[in-house]
Amino acid sequence: FYIRDTKSSSGTFLNHARLSPPGAESKPTQLKDGDVVQLGVDYQGGTQEIYRCVKMRLELNRSWQQQANPFRKNTLKVIRNLTTADAASSTDCCICLFRIASFQSLFVAPCSHVYHYKCIRPMLMEKHPGFLCPLCRTFADLEDCVEIDDPIEEEMPVEGDC
């Protein structure tokens, strides 16, 4: 993807650098993942003139985020175990002590422990954005950045796939 300024008076900015002077057309500039594009500038003039810019952070070619990672693999195993008919592999919610079953609203903690959402919700709301797992006492910031810099791993094969 490329961007260029087409003779705008208030400017087009890429990573806080103006692409061209006012009224001049810029050359096409290639966009990269994480670039910040700003259209226009914030301006507050006299009695009524107020102009606001538009800022965007670009996310390009993020197919790596769809790849498997240890948390996703572990969560997938837990969810698969929840859907089996085998009573020996059933999981109970440690809060209400009832069985976790298919078609229930669940909360999967960052440590991969699973709870009924209805049961864990008061704890989530009380300490938000922090979360302290009632089972393993692992602390997690639920508003922490979701980007992971791990190398791309192979996806876990689904049962029955060749």
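The values are calculated or read from the model by the stated rules, or taken from the named source; none is laboratory data. Remember, it's a predicted structure, so these values are computed and weren't measured experimentally. Quick reminder, even Gly has a Cβ in these numbers, built from the backbone with ideal geometry, and neighbours come from all protein chains shown. Calculation scope for accessible area: heavy atoms of the full protein, side chains included, ligands and nucleic acids excluded. Shrake-Rupley method; radii C 1.70, N 1.55, O 1.52, S 1.80 Å.
Applying 1/(1 + (r/R0)^6) with R0 = 30 Å to the Cβ-Cβ distance of Cys111 and Lys55 gives a FRET efficiency near 0.25.
Heavy-atom accessible area, probed at 1.4 angstrom with all protein chains present, ranks His128, His16 as His16, His128, highest first.
Largest first, how would Phe103, Phe1, Phe131, Phe98 line up by accessible area (1.4 Å probe)? Let's see the in-between values first.
Working: Phe103 215, Phe1 165, Phe131 5, Phe98 145 Å².
If we order Phe103, Phe1, Phe131, Phe98 from most to least accessible, we get Phe103, Phe1, Phe98, Phe131.
Amide H contacts for Leu106 (H built 1.01 Å from N in the peptide plane; partners 5 or more residues away or on another chain; cut-off under 5 Å): Tyr117.
A straight Cα-to-Cα reach below 26 Å connects Lys73 with the lysines Lys118, residues fewer than 8 places away in its own chain not being considered. Computed from backbone phi with θ = phi - 60° and the Karplus coefficients 6.51, -1.76 and 1.60, the 3J(HN,Hα) list for region 20-35 is 7, x, x, x, 10, 7, 8, 6, x, 10, 6, 8, 10, 4, x, 5 Hz; x is used for glycine and proline. The residues neighbouring Pro28, those whose beta-carbon lies less than 11 Å from its own, together hold a net charge of 0 under the Lys/Arg +1, Asp/Glu -1 convention.
Taking Cβ atoms as reference points and 11 Å as the exclusive limit, the residues near Tyr115 contribute a net charge of +1, counting Lys and Arg as +1 and Asp and Glu as -1. Here r is the Cβ-Cβ distance between Ile79 and Lys32 and R0 is 22 Å; the resulting FRET efficiency, rounded to 0.05, is 0.05. Full extension of the chain between Arg137 and Thr91 gives 14.7 nm of extra length, using 0.36 nm per residue less the Cα-Cα distance.
In terms of the Cα gyration tensor, with a ≥ b ≥ c the square roots of its eigenvalues, is region 1-50 rounded because a/c is under 1.5, prolate because a/b exceeds b/c, or oblate? Oblate is the answer for region 1-50, as a/c is 1.5 or above yet b/c matches or exceeds a/b.
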